[in-house]
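Okay, so here's the structure we're looking at.
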């Protein structure tokens, strides 16, 4: 066997490896897309009409959903299917993960929301009102963090594309 044929065999293995990696990534992206779709259904049909929603209504943990967004975003990027409209839609859903809090806090915020909506703030103890406001503030801070995180991911993907 000549040196050239050995190099050609190595190249074939490399091509096979690349195809296998792509197949694995595509499979992971498809699973991610399905999870994002399930999360989207939760966003379409919230547990109640308050801003903060119970964690138990999510199809998976916030971290798993977050990773699904990143996987899906990466796959769309390398497939050259990622446009500004898609980025904006994914970003809007991504940052809404911040609105999912422990069930007790979600219930408390719902009760506070209903009291404010009916102008009956006397029905909520002041410490409960403060706890609800604190959760809203934490949620807003997490939204800001998730927004920055998403924008950083997109910027890094674009920078890597420009380098190659």
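Values computed for the structure shown
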read-out	value
Residue 90 being outside any helix (DSSP H, G or I) and either closer than 30 Å to residue 158 by Cα or at pLDDT 90 or above (or both)	no
Some residue of the range 100-111 being within 28 Å of residue 41 (Cβ to Cβ), in contact with a strand residue (DSSP E or B) (Cβ under 6 Å, 6 or more places away or on another chain), surrounded by 11 or more Cβ atoms within 10 Å (Cβ to Cβ) and modelled with pLDDT of 95 or more	yes
Exclusive hit being touching a helix residue (DSSP H, G or I) at 6+ places or on another chain (Cβ under 7 Å) and either in a helix (DSSP H, G or I) or at pLDDT 75 or above (or both), set 147, 162	147
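The values are calculated or read from the model by the stated rules, or taken from the named source; none is laboratory data. Computed from a predicted structure; not experimentally measured. Cβ coordinates were reconstructed from backbone atoms using ideal geometry, including for glycine residues, and neighbour counts include every protein chain displayed.
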